[in-house]
Amino acid sequence: MKYSLRARFSRKSPDPVIKGAYQQTLMINVLELPLGLPLDPNPRKPNIDRKKWREIARHLMNDDGTPNTFHLKNKGITIIAKNVAVNPVAGSKDHDVVITLDAGDGVGDGGHTYTLITESRKALEELAESDPEFGQYVMLKVLVGYPPEIVNEIVRGLNTAIQVQEKSLGDHRGDFDWIKNALKGHHYESEISCAEGDKGSLDVVKHILAPMYLFHIGFFPNSSMKHPLKGYTSVSAVLDHYLANKDEYKRLVDILPDILILHDTIQYEARGLYNKSGGSAGNLTFMEGRKRGKHQFHYIGSESTYRLARSALLPMMGAFRWMVEEDADTGRFRWKGGFNDVLSLWRTVAPKLVQQTLSTSTANGRKVYAIGRSSNHWETLHATVGMAHMLSK
């Protein structure tokens, strides 16, 4: 897919670390913004019907603030692309630009900005016709040549600002107090970070709420085909879901420490169990190694040079939702047969889960991020654990 536009200014910046990758920064008139750009890489579905974005819209339309300064009040739009061709326009400072996208490319950050501008296109055109002084600009940053696994990290990183803000507000309201109480006294207690400025390395959303989200059989019954993909694809969605359903999440209180142990156990043991079964984990793109230092597994108090990528870890974890049931007396959730049975089942079925993950990875061009986005993969692993559990009886 190719998209053409005209830029007022253009600057190319080679990446200082990733060989061959670069960033093309473009300043364009908002009316030059191409329509129909995919939002595939962006983990957040744009919702511009919020007070914040209604206020931004007034600046875009010059209804508020200094006219034509939208580009100074907005961080712009980041696009993941296969290629960008820039050619100077003769006798002008402008540049003609053609952006080429592959499948999965598109707006990685700034989806709300993109949606706001494109949905306001008609009103902006009318304003430009009636006001010769009108001239709003927006910055486009086009990222080219970055490996898929790094793109996934980039997009997650760029989309954390709202999450951080909401997390801090939630902590101020006491929304995580019951979680802190449930984990009080555990050796990793001081590592839990619930607000901006906390020094702990265990983010309450990514490392606690997301694992909990995977095991809530009220929202994701074992009898349904509905699986908790957003546990991987959007930590912001997980936080929103938690804040809207805090009391429901409390039903997980009895098994929360075990969920966290399972998180680290799967990530820590997968490589060894796969190798022991005759596999070769050295060929797995979703197995992350470190050349310096070691990965820390705070919940089990271990460290290792290797760990599963998050895109492979979470579907495996979610499959063990099969081992959760409701306690009829308390309404809380508990393990079928106890947590030791869960760990035993994991060690039995681990090689098959890794092999199925390898199959999904291969079918998606070995793209690491594609594993966690595949609903079929989540379903396959869940069915595998369910079958193994029934055969173990």
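All of the numbers you see were taken from the coordinates with simple rules; none came from a lab. The structure presented is a predicted model; accordingly, all values stated were derived computationally and were not measured. For neighbour counting, all protein chains shown are included, and Cβ atoms are generated from backbone atoms with ideal geometry for every residue, glycine included.
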Let me spell out the model: positive unit charges on the Cβ of Lys and Arg, negative unit charges on the Cβ of Asp and Glu, origin at the Cα centre of segment 161-392. What dipole size does that give, in debye rounded to 20? 980
Between segment 202-260 and segment 79-134, what's the alpha-carbon centroid distance in Å? 38
Can you list the aspartates and glutamates whose alpha carbon is less than 13 Å from that of residue 82, not counting same-chain residues fewer than 8 positions off? 102, 105
Charges at C-beta only: +1 for Lys and Arg, -1 for Asp and Glu. How large is the resulting dipole of the chain about its Cα centre, in Debye rounded to 20? 1100
Fewest-first sequence of 268, 22 by Cβ atoms within 10 Å of each Cβ: 22, 268
For segment 2-158, size of Cβ-based charge dipole, Lys and Arg +1, Asp and Glu -1, in debye: 420
The alpha-carbon pair-distance distribution computed for the chain, with 10 angstrom bins and whole-percent values, is 4, 20, 27, 23, 15, 8, 2, 0
Going from the fewest other Cβ atoms within 10 Å to the most, one would list 17, 151 as 17, 151
Can you tally the net charge around residue 392? Count Lys and Arg as +1, Asp and Glu as -1, for every other residue whose Cβ sits under 12 Å from the Cβ of residue 392. +2
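Per-residue ellipticity at 222 nm for the chain, helices alone: DSSP H runs ≥ 4 residues times -39500 (n - 2.57), over residue total, nearest 500 deg cm²/dmol?
Taking each H run of at least 4 residues, the total per residue is -12500 deg cm²/dmol.
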Of 73/180; 52/122; 226/367, pairs whose Cα-Cα distance is over 27 Å: 73/180
Can you compute the FRET efficiency between residue 100 and residue 126 using 1/(1 + (r/R0)^6), with r the Cβ-Cβ distance and R0 = 41 Å? Round to the nearest 0.05. 0.85
